[in-house]
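Peer 1: Below you'll find the structure I mean.
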Amino acid sequence: MSFWRSLVGKLWLTIICLVAVVLITLGLFLLPYIDSNFANSGAIKRLFMYTCMIGFSLTTFFALFLFTKITQPLQRVIEAANNIRRGEYGTRLKLVNSDEIGQLATSFNHMAEDLEKNIRSLNHEKGHLSSVLRSMSDAVITFDIDGRIILTNPHGRSLLEAWSDLKWEQESESELFLERKDQSDVPLPLQPLFQSTLAQGGDQRSNVHVRQGVWSVHMAPLYAQDDIRGAVAVLRDVTEEVRLEKMRRDFVANVSHEIRTPLSMMQGYSEALLDGMASSPEESSELIQVIHDESLRMGRLVKDLLDLARMEAGHTDMMKAQINMDDLLERMYRKFAVRAKEREIHLQYNKLSDQLFLKEADEDKLEQVLTNLLDNAFRHTPVGKSIIITGGEIELEGRRYLEVTIADEGFGIPPEDLPFIFERFYKADKARLRGESGGTGLGLAIVKNIVESHHGHISALSKLGEGSTFTLRLPVEKL
């Protein structure tokens, strides 16, 4: 700071001006008097000039003294305050004065210390909040009153990016909100809930369906005093929970459907026997046979349900060893050759590789898989058509797999139902053909679990009216 712009500089200039005015005034009145009344007027004038010079010198000395005692400590206070303003909260003043400036320095140091503690505490709380938000599996997004984003966590940012290309399709919102939505950062699925939160001032909960996912949204208002200044939204992906709940409901409905039919038949035929409606031993035997068959069907259903439950719980006992898949496929071919002859279906087995070995697999479980797939193929293939079993070895992504395909020329599967054929009770769908053997509808679900327990993969391709192809891939080496 320039000396002339400082407090002491201004004070010194003021004193000099006052002294100059006084001396000039005195000179104007005294000089004529000195010339007329004193013989040695020159000496008196010199004395007057010396007095003026001494006065100016004293005021200058006084100004420098004030500059040292007042301005320099104040300058240090100003520099320290600027350091605090720049974020250097560890700045302290080292002034030992006992006057007002010393008290000011002491108060400044206390203020800086308290400020540093508060800033450190705020940074700690901010870091803690940031860590909590980062560790949350839910998406957290905070909006201000205008819908602009204030704070979000990584999951929230990912969600905002994923929803950034959604198009507005709701036309029933208020005109004010429709005017503001273009300037708002609120994702389109959350805008109705955001508007409701601001309007009602309470917590809002809703499930939002976006594309193929379902999100549970809890939005609460943010208050500043008694005024709403924004809202915070917590979003959780509940797609899997909703899917599992739907599967549970479907499972109960399908089990009830599958059990109701044999129970009804057993009840009806047993009542017929009790009422003596069978007029001959042959009719009684026929009714008893129906009851027996239906009881066997219920037994198969219960057994398949227990097997599937154990597999999905990971409690399946696997006796894995090295097996020759060529021998297994030959055995399956011979096993179904008689049935193919009876049904007048052409069964064929093609071997595409010289050796078909699996280093670690359960032969009994794989035989169950092939039996189920071939049984389905026979039940849905009409007379005169073909079923082809193919075994070979392929390499995918640097890993060898044994690939088995079972292709039939049957009725085929509608394309809209193809993604669901490995779910439980698939045949219970109205679009399915019920075979004469009365399957439980759990076969393909069991097949999928067995294949996945071998770290393999099974898929299906089908064209309605032309047949289906099931492809089974199992890793040759141990995993």
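Peer 1: Given a Förster distance of 60 Å, report the FRET efficiency between Asp203 and Arg46 from their Cβ-Cβ distance, rounded to the nearest 0.05.
Peer 2: Plugging the Cβ-Cβ distance into 1/(1 + (r/R0)^6) gives 0.05.
Peer 1: Please work out how much length the chain gains when fully extended from Val22 to Glu477, using 0.36 nm per residue of separation minus the C-alpha to C-alpha distance, in nm with one decimal. Intermediate results must be reported in sequence, preceding the final value.
Peer 2: Values: separation 455, 0.36 × 455 = 163.80 nm, distance 11.24 nm.
The span from Val22 to Glu477 would gain 152.6 nm if fully extended.
Peer 1: What shape does segment 49-164 take by its C-alpha gyration tensor, where a ≥ b ≥ c are the square roots of the eigenvalues and a/c under 1.5 counts as rounded, a/b above b/c as prolate, and the rest as oblate? Before the final figure, lay out the partial values.
Peer 2: Details: a/c = 6.43, a/b = 3.38, b/c = 1.90.
Note, shape of segment 49-164 comes out prolate.
Peer 1: Would you mind checking which residues have amide H under 5 Å from Asp185's amide H? H placed 1.01 Å from N; only 5 or more apart, or other chain.
Peer 2: Arg148, Ile149
Peer 1: Starting from the amide H of Phe357, placed 1.01 Å from N in the peptide plane, find each other amide H under 5 Å away whose residue is 5 or more places distant or on another chain.
Peer 2: Met325
Peer 1: Whole angstrom only: what separates the Cα centroid of segment 284-300 from the Cα centroid of segment 356-400?
Peer 2: Cα centroid of segment 284-300 versus Cα centroid of segment 356-400: 32 Å apart.
Peer 1: What does the charge count near Leu352 come to, summing +1 for each Lys or Arg and -1 for each Asp or Glu among other residues with Cβ under 12 Å from its Cβ? Present the calculation step by step, with values, prior to reporting the outcome.
Peer 2: Numbers: positive: Lys351; negative: Asp326, Asp354, Glu393, Glu403.
With Lys, Arg at +1 and Asp, Glu at -1, the neighbours total -3.
Peer 1: What length, rounded to one decimal in nm, is gained on full extension from Lys303 through to Glu282, with 0.36 nm per residue of separation minus their alpha-carbon distance?
Peer 2: Numbers: separation 21, 0.36 × 21 = 7.56 nm, distance 3.12 nm.
4.4 nm is the gain from fully extending Lys303 to Glu282.
Peer 1: Lysine pairs in segment 328-414 with alpha-carbon atoms under 25 Å apart, 8 or more places apart or on different chains: how many are there?
Peer 2: For segment 328-414, qualifying lysine pairs total 9.
Peer 1: Can you list residues whose amide H is under 5 Å from Leu347's amide H, if they're 5+ apart or on another chain and H is modeled 1.01 Å from N?
Peer 2: Amide H neighbours of Leu347, under 5 Å, 5+ apart: Ile387.
Peer 1: With labels modelled as points extended 7 Å from the Cα through the Cβ direction, what inter-label distance (nm, one decimal) is found for Ala460 paired with Arg310?
Peer 2: Once both label points are built, they end up 2.5 nm from each other.
Peer 1: Sticking with this structure for a sec: For Glu344 and Gln322, compute 0.36 nm times the residue count separating them, minus their Cα-Cα distance, and round to one decimal in nm. Could you put the intermediate results ahead of the total?
Peer 2: Working: separation 22, 0.36 × 22 = 7.92 nm, distance 3.54 nm.
Full extension from Glu344 to Gln322 adds 4.4 nm.
Read-outs throughout are calculated quantities, based only on the coordinates presented, and are distinct from any laboratory measurement. Note that the structure is a prediction, hence the values are computed from the model and not measured. Every residue, glycine among them, receives a Cβ derived from its backbone with ideal geometry; neighbour counts consider all protein chains shown.
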